[in-house]
Amino acid sequence: MTASPILQQPAIDSRLSGQALLYQFSNTMFSTIRLNKLTHLILTALTAPSSKLFERSILFLCNDKSEVLQGMLGVTRQTSSEGLLIIGDQNALGSRWDISEELVAKQRSDEFSALVRRSRIEINSGCPLVRQVVTERTLSHIECSICNNCKTCCFIRQICCNSFAAVPLTARDKTIGMIVVDNPESGRPITQDELYFLQLLANQAGMAIENSILYNKVEDANTNLREARERLLHGEKLAAIGEMAANLAHELKNPLITIGGFAGRLLKSLPEETREHHYADTIAAEVKRLDRMIADILGFSRKPTICFSKCDLTEVVQSSIACCTTALEDSGVTLTTSIADGPWLLHGDAYQLKQVFLNLILNACDAMSGGGQLSISIRKSSPKDNSAIVEIKDTGKGIPKDVLPRIFSPFFTTKQHGTGLGLAIANRIAINHYGSIEAENCEDGASFKVRLPLAALD
Ligand SMILES: Nc1ncnc2c1ncn2[C@@H]1O[C@H](COP(=O)(O)OP(=O)(O)OP(=O)(O)O)[C@@H](O)[C@H]1O
Ligand SMILES: [Mg+2]
């Protein structure tokens, strides 16, 4: 069915002009390392009226993982006729072609190219044509019809006319793709000289495409490396800031105890309703606030020890709510809870998990200082995933778009008296419990979803 022609060397005249053309091709292929431009250049040069070769060319690249030939690009005489630019003196050997970005875009959006891109040919489907080109790595020239019962041939017949040639693209002893060419407009058969030329060109194109793919991989790896380095530096910076803050907090703790102690004594000795009593009261209150801040900073910078034991999530959530009663009342917040049928047992540190919900509820109260509605629910994350979702949803002011990506960063706060550690601590505790916290804005406020893996049922 498929023919693998013994390619004769062309006559000397056409060989010379062919070699000049090949040289021009080679200059062109090594003029860019960008895969997209390279593939357009190769197919355009094959179909451009000036090269007088083929009327259509199609590129397939092998996907090793899925073992398919994936259609990448199809170029027709129409989409290659305008815009093949000659760089350098056309008659000199050093000249090459180039194409504009507009032409690249036009060729990509062309209907024929879109049809090619939707095509996938299975490499191991048993099709003799694919076997010959991809496995045996030889050029295949089909002159009349191809087999009628193979899916691949049917597909190729759909996009190619009766006479076409398919040539493998090889690099480093491996097939990386295939180029298919035909002349559907004129129906002109493909000549031996053209096949010879196509084979020579495909050898160079294979290497150029492989180089470009490797270069792209190196570039991707480089970008990933740079990003990882930046993340590491950022992490180191945060660690250094954390250590500094922890040292400072530690140094401040002792003088604060003294100030707080004396303020307490003054409070007791000064008569109420006096200005001095009010001053001492303010000092004592501020010392308490600073003390809480310091405890937070020290808590964050210390490596936490987690005491895992079986605990009931419902009890943890309810005791967190109980601790926030005053804060809820002070802010005029009404609370609704909805707990789906359990059991909600998990392996965790109840004390630390309570910290998570306390921080989230207190943040919600802060966001609804003028009153609002707080909804807390416990439900299963999905039938497949044995995790619980505790959602804490408020009707506060929501989280501004530019603030949202930063709220879990340590020391990030938009509050006058906040330390910016609440969410960082909560997030770290959730991660230590193999869970996560997601924040988003909902219809009229913010929602925080805490996902925690549940214990397997005995
Ligand atoms: N429910 C919420 N609604 C709107 N913004 C919120 C909400 N929860 C958190 N935020 C935003 O995230 C920021 C960080 O919160 P986080 O709890 O880490 O620190 P904080 O509340 O500012 O200070 P503290 O350390 O006292 O908790 C807040 O300053 C606030 O801008
Ligand atoms: Mg907070």
Any idea what angle helix 350-367 forms with the longest principal axis of the chain, computed on alpha-carbon atoms, 0 to 90 degrees, nearest 10?
90
To the nearest 10 degrees, how steeply does helix 313-323 sit against the main Cα axis of the chain, on a 0 to 90 scale?
50
Using 0.36 nm times the number of residues separating residue 37 and residue 222, minus their current alpha carbon distance, what extension gain do you get?
64.5 nm
May I ask you to order 418-430, 179-191 by the average number of other C-beta atoms within 10 Å around their residues, highest value first?
418-430, 179-191
Determine by what factor the alpha-carbon radius of gyration of the range 344-458 differs from 2.2 N^0.38 Å, reporting the quotient.
1.07
Semi-axes of the range 14-77 from the Cα gyration tensor (sqrt of 5 times each eigenvalue, largest first, whole Å) come to 24, 14, 11
Ignoring everything except DSSP H segments at least 4 long, calculate the 222 nm mean residue ellipticity for the chain; use -39,500 (n - 2.57) per segment, divide by total residues, nearest 500.
-15500 deg cm²/dmol
Could you tell me the calculated FRET efficiency between residue 124 and residue 441, based on Cβ-Cβ distance and R0 = 51 angstrom, to the nearest 0.05?
0.55
Please work out the ratio of the alpha-carbon Rg of the range 12-219 to 2.2 N^0.38 Å and round it to two decimals.
0.96
Please compute P(r) over all alpha-carbon pairs of the chain, binned at 10 Å starting from zero, and give each bin as a whole-number percent.
4, 15, 18, 12, 9, 12, 13, 9, 5, 2, 1, 0
What full-extension length gain, to one decimal in nm, is calculated for residue 318 and residue 281 as 0.36 nm per residue of separation minus the Cα-Cα distance?
10.1 nm
Nearest 10 degrees, 0 to 90: what angle lies between the long axis of helix 35-47 and the longest principal axis of the chain (Cα atoms)?
20
Efficiency by 1/(1 + (r/R0)^6): what FRET value for residue 81 and residue 30, r their Cβ-Cβ distance, R0 = 35 Å, to the nearest 0.05?
0.90
In Å and from the alpha-carbon atoms only, list the Rg and Dmax of the range 336-379.
12.7, 37
Sorted on mean Cβ neighbours within 10 Å (highest first), peptides 217-230, 42-55, 126-139 come out as 42-55, 126-139, 217-230
Accessible area of the chain with a 1.4 Å probe: how many percent of it is carbon plus sulfur?
54
Quote the charge dipole size of the chain about the Cα centre in Debye, to the nearest 20; the model charges only the Cβ of Lys and Arg (+1) and of Asp and Glu (-1).
660
Given the whole protein assembly as supplied and a 1.4 Å probe, what does the accessible area of residue 341 come to in Å², nearest 10?
140
Under the definition of Cα pairs under 8 Å and six or more residues apart, what whole-number percent is the relative contact order of the range 12-219?
22
If packing is taken as the average count of other Cβ atoms within 10 Å, what order do 273-285, 355-367 fall into, highest mean first?
355-367, 273-285
Any idea of the accessible area per residue across the chain, 1.4 Å probe, to the nearest Å²?
55
Rounded, prolate or oblate for the range 292-373? Axes are the square roots of the Cα gyration tensor eigenvalues, ordered a ≥ b ≥ c, and the cut-off for rounded is a/c under 1.5.
oblate
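The values are calculated or read from the model by the stated rules, or taken from the named source; none is laboratory data. Fair warning: this is a prediction, and the values are worked out from it, not measured in the lab. Counting neighbours? That spans all protein chains shown, and the Cβs are built from the backbone with ideal geometry, glycine included. Each accessible area value is taken on the protein alone, full model and side chains, heavy atoms only, with ligands, DNA and RNA left out. Shrake-Rupley method; radii C 1.70, N 1.55, O 1.52, S 1.80 Å.
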